[in-house]
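K.L.:
Pasting in a structure now, in structure tokens, and then I'll have a few things to ask.
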Amino acid sequence: MINLNQRNLSLAAGMAAAVVLTAGALIASTARAETGLPVGQPAPDFTAMDSHGAEVSLSDFAGRTVVIEWTNEGCPFVRKHYAQPPGNMQGLQADAAADNTVWLTVISSAPGKQGHVDAETANQWTEQHHAAPAHILLDPEGTLGRLYKAKTTPHMYVIGPQGRVAYQGAIDSIASANVADIATATNYVREALTSLTAGEP
């Protein structure tokens, strides 16, 4: 298990419309992630500090489905999915909570880079956008991002009740920042959650 409060990883970042996540910063992109943890692999446990100062471990939620969402409030693709209306990300979060699924939002942007916020700002942004994750995890050193090979925002993981990766990649099938595209896109996260509920791969 990796404790995010004890590891200290070096940061490397490059800019191109947003910041590449290589140990702590993020690219703003919603396309399918080319890398990530393979589906079927056990999800690595971790302990991270949330925006209310509590330590949160993946193992806290053993036996439950967990969604992990990498976010960056400066990313146009993140803004698309949090736009109101339609409140796409918020709707997914609400539906997940109603189904006893745990939603963890992770902010891996490094200090001084796009998307980096302190705990108070993260909570304010969440409240303003009527978002409802179970926890906002602060990962300014990029330890959790590196552990999960998170390459994009929003980069999504669905972890099944057995603790294995059921899905990882984009939120949906249309890689654009246009809110209107949400209505016609295939939502991969919703499909993954529906499949898990039905006991399907």
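K.L.:
In the P(r) worked out for region 73-198, what percent of Cα pairs fall beyond 23 Å?
P.N.:
29 percent
K.L.:
Round to a whole angstrom and tell me the spacing of the C-alpha centers of region 96-121 and region 38-91.
P.N.:
Region 96-121 and region 38-91 have Cα centres spaced 6 Å from each other.
K.L.:
Something else: Can you tell me the Rg and Dmax of region 46-100, counting just the alpha carbons, in angstroms?
P.N.:
Expressed in Å, the Cα Rg and Dmax of region 46-100 come to 13.4, 34.
K.L.:
Right, something else. What accessible area per residue, rounded to a whole number of Å², is obtained for region 33-137 using a probe radius of 1.4 Å?
P.N.:
Here the per-residue accessible area is 43 Å².
K.L.:
At a probe radius of 1.4 Å, what is the per-residue accessible area of W125, in Å² to the nearest 10?
P.N.:
Approximately 50 Å² for this residue.
K.L.:
Check L137: other-chain or 5+ apart residues with amide H under 5 Å from its amide H, H built from backbone geometry?
P.N.:
T105, V106, I107
K.L.:
Name the residues whose placed amide hydrogens come within less than 5 Å of the amide hydrogen of R164, ignoring near sequence neighbours (fewer than 5 apart) on the same chain.
P.N.:
Counting only residues 5 or more places away or on other chains, the set is A43.
K.L.:
Turning to a different aspect of this structure: With +1 assigned to the C-beta of every Lys and Arg and -1 to the C-beta of every Asp and Glu, and no other charges, what is the dipole magnitude of region 73-198 about the Cα centre in debye, to the nearest 20?
P.N.:
Using Cβ point charges on Lys, Arg, Asp and Glu, region 73-198 gives about 380 debye.
K.L.:
Tell me the carbon and sulfur percent of the accessible area for region 73-198, rounded to whole percent, probe radius 1.4 Å.
P.N.:
Solvent-exposed carbon and sulfur of region 73-198 make up 50 percent of the total.
The values are calculated or read from the model by the stated rules, or taken from the named source; none is laboratory data. The shown structure was predicted, so the numbers you read here are calculated from the model rather than taken from an experiment. Virtual Cβ from ideal backbone geometry, glycine too; neighbours counted across all protein chains shown. When the accessible area is computed, the model is the full protein with side chains, heavy atoms only, and any ligands, DNA or RNA have been set aside. Shrake-Rupley method; radii C 1.70, N 1.55, O 1.52, S 1.80 Å.
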